[in-house]
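No value in this document is a laboratory result; all are computed from the given coordinates. Keep in mind it's a predicted model, so treat the numbers as computed, not measured. Glycine gets a Cβ as well: all are built from the backbone with ideal geometry, and neighbour counts include every protein chain shown.
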Amino acid sequence: MKLFFVCFMITLLGAYGFQKEDVSAEKTVVYRCPPCGCDHDGLLFHEEGLCPRCSMQLVESPIGFSKKIDEELSPFLETGMLGQVYTKLIYPVFAIGILLSLFFLISSVRRRSLNVFLASVILILSLYGFKNQLYGVNYGLTNSYKSLFTPISFILMLGPLVFFYIKSLTVNSFKWNKYYWLHFLPGGVMFLYYTILLLAPEATKQLFMFSPFEVRLSHFEQFLSVFLGLIYVFQAYRCFKQWKTENVIKNIKLTTWIFRFLSGLTMLFLSWAVIIFLNFWIYDFGVATVSYNPLWLIFGMVLLWLGIEIFSNSKFFLLHKKINRFNGNHSMTTEVLSHLKNELHSLMEDQKLYTDVNLSLDTLANALELNPKQLSMVLNNVLGKNFYDFVNHYRVKEVKERLKDLSSRNLTIEAIANQAGFKSKSSFNAAFKKQVHMTPREFMRQERNTS
């Protein structure tokens, strides 16, 4: 029975092979212009060569299932439905992205600045999208092929920037290391390549523009950007996971943002990978994926999303310039928290910082070499008290001890409270009653009765 089944499958596959061979033998090979949007898109050619309209390399017209996919995709890859959004969405988004990211990188808003890595991610997405709208697409901004060699393509740096952005948010006291520049070497090589071509003679530009090498290099840049991007995003996920595991205190807003950011960039790279695959499967890389309208729509939507995130929550994203430019939302490990508790105890019990009537959150944070946001997070999440309750605990404790001390009975209660750090009588009475559940005079009366 098994032998019969094996023989049957071999016969079936053999018949299918001969049938496929016969069909392919009878098939007449025709060529067409890739779906670039020119008016020769629908024409068929019987010989290989360049499109007489747009000078793009003709590709073999797909057949079978590939043809069905091509017929479904063509309206989207050409002007079709998505072409209308270019002038209304794509160009404005890319232009605004470039201007805003440059603004945040070279200046500050009321002494606040955007994380340099996040600003660079926005700039690179905007520059790469803008570069590929200059020439060779519908509604192109220029008719000059020289713009193809404009050295503003840094897309190979996108992956490393995403990784270092997450690293800067999840690693306390993150500092830039000179060896980190090696991650940006591929992007630097491509920048040098485009710069050399930009300065090259006219004949060299035309030679590279129509040579297979230039097309292959463009595809290689895109493939490598997606491949490295997914690797760096994976490493960023690992860094994020380790941070969540090691840190007792985590900023919830920061945690959700990192997850959204990594998810969004993952979807961007995966969508791009699908477009590259379709380009290879259906058109044999005859279409430069940079001309795909859906890809630029995705880029535009990602940039819009990042812009909405930043401007709808500017207090979270715009960091004080005095604080680390990379990381403004620190987390803390168990060891760090234990050390901070000991430091706080020393400052309050030994140095009695609470007796300073002008003691503030900023002053105490500076004494601990923290920023105020970090100290507030420690007090609220670890000690379960806000700053005023924490300080008033020591002040009330001081007052209680002084009221019990016979040598202090010649002082008024208000004078003792002032020496303990209370600035006003009303704040002292409120804090004392909140902790002791009785007024200062009731406490004194109770102490005298028991003594």
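Legend: calculated FRET efficiency, GLU47 to TYR193, from the Cβ-Cβ distance at R0 = 35 Å, rounded to 0.05, equals 0.60.
May I ask for the distance between the Cα centers of segment 179-242 and segment 348-401, given as a whole number of Å? A separation of 52 Å, based on Cα centres.
Once the Cβ-Cβ distance of GLU60 and GLU202 is raised to the sixth power relative to R0 = 45 Å, the FRET efficiency obtained is 0.90. In a fully extended conformation the segment linking SER360 and LYS244 would gain 38.7 nm over its present Cα-Cα distance, using 0.36 nm per residue. With 32 Å as the limit, the listed pairs LYS244/LYS352; LYS167/LYS423; LYS178/LYS385; LYS253/LYS385 have LYS244/LYS352; LYS167/LYS423; LYS178/LYS385 beyond it between alpha carbons. Once both labels are positioned 7 Å from their Cα atoms along Cα-to-Cβ, the gap between LEU383 and VAL436 label points is 2.1 nm. Label separation (THR256 vs GLU309): 1.3 nm, computed from points 7 Å beyond Cα along the C-beta direction. A simple packing score, the average count of other Cβ atoms within 10 Å per residue, orders the peptides 152-162, 308-318 as 152-162, 308-318, with the highest score first. Distance between the pseudo-spin-label points of PHE223 and LYS397 (7 Å out from Cα toward the beta carbon): 6.7 nm.
I'd like the FRET efficiency for LYS146 and ALA95, computed as 1/(1 + (r/R0)^6) with the beta carbon distance as r and R0 of 30 Å, rounded to 0.05.
0.90
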